[in-house]
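One structure is given below, encoded as structure tokens.
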Amino acid sequence: APVIGVLALQGDVREHLTALTGAGAQARPVRRSAELDAVDGLIIPGGESTTISKLVDIFELRGPIDKRISAGMPVYGSCAGMIMLAAEVLDGRPDQRGFDGIAMTVRRNAFGRQVDSFEAPVQITGIDGGPLHAVFIRAPWVERVGADVEILGTVAEGPATGRVVAVRQGNLLATSFHPELTGDLRLHAHFVDMVRTAT
Ligand code: GLN
């Protein structure tokens, strides 16, 4: 089974470890660069991107993670993890910094107070069996994507209809929502397949 790490500095690490294990991976928390060296893929969990950004520097993981990304390691970012994978962040804190990730602009806390947290079905390209039940918690959305970025999913109903909430560029995958909170393992299984294909 592919070994997949979950960046374990802040956020819902345990839920991703459980979902990865259920999806057939060998899942491990990653806090040090030696632990990063031992994984074939990485998940950046939901949480608070400003805090994760700070801790990435404190734990001296920024350089090592950027290096693995440019070497082709698959990375999946959910919510705050999506923000960490974005080349540009709107409504971010001036000192927050992401990885050398996806050519996209995301807006932090985009859905606004009326729909601070909500759930909606999202059909994801490449995932069979009907739409995912997507849980959004102070989530970002994707405002612009570069030419190499594939849009995998948009919100299908409610006030945010049409907003881009799932993308892929090469081996990098990002969603605004939290599949790790639903018990539906399809998105994690999809990422495990990406890791299998890459290694
Ligand atoms: N609002 C958070 C951020 O800016 C993301 C929320 C989440 O990950 N659920 O990082």
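Annotations for the structure displayed:
- Given (1) over 17 Å from the mean Cα position of the chain (by Cα); (2) in contact (Cβ under 8 Å) with a residue 40 or more places away in the chain, index of the condition R113 fails: (2)
- Residue in segment 172-179 that is at pLDDT 95 or above and away from the ligand (no atom under 15 Å from the Cβ) present: yes
- Residue match in segment 13-22 (condition: assigned to a helix (DSSP H, G or I), small (G, A, S) and modelled with pLDDT of 95 or more): yes
- Options V155, V122: the member that is in contact with a Leu (Cβ under 8 Å, 6 or more places away or on another chain), crowded, with 18+ Cβ neighbours inside 10 Å and β-branched (V, I, T): V122
- When we screen R168, R144 for residues that are in a strand (DSSP E or B), charged (D, E, K, R) and surrounded by 17 or more Cβ atoms within 10 Å (Cβ to Cβ), the only hit is R168.
- Scan of segment 60-75 for residues that are under 11 Å from N171 (Cβ atoms) and assigned to a helix (DSSP H, G or I), ordered by number: R68, I69, S70
- Output for segment 30-59, where each listed residue is in a helix (DSSP H, G or I), more than 18 Å from the chain's Cα centre (by Cα) and not hydroxyl-bearing (S, T, Y): A34, E35, D37, D57, I58
- Condition met for F118 (part of a loop (DSSP other than H, G, I, E, B), among the hydrophobic types (A, V, I, L, M, F, W, C), within 15 Å of the ligand (Cβ to nearest atom) and closer than 22 Å to E15 by Cβ): no
- For the condition out of contact with any helix residue (DSSP H, G or I) (no Cβ under 6 Å at 6 or more places or on another chain), more than 16 Å from the ligand (Cβ to nearest atom) and at pLDDT 95 or above, K67 qualifies.
The values are calculated or read from the model by the stated rules, or taken from the named source; none is laboratory data. Note that the structure is a prediction, hence the values are computed from the model and not measured. So basically every Cβ, Gly included, is an ideal-geometry build from the backbone, and we count neighbours across all protein chains shown.
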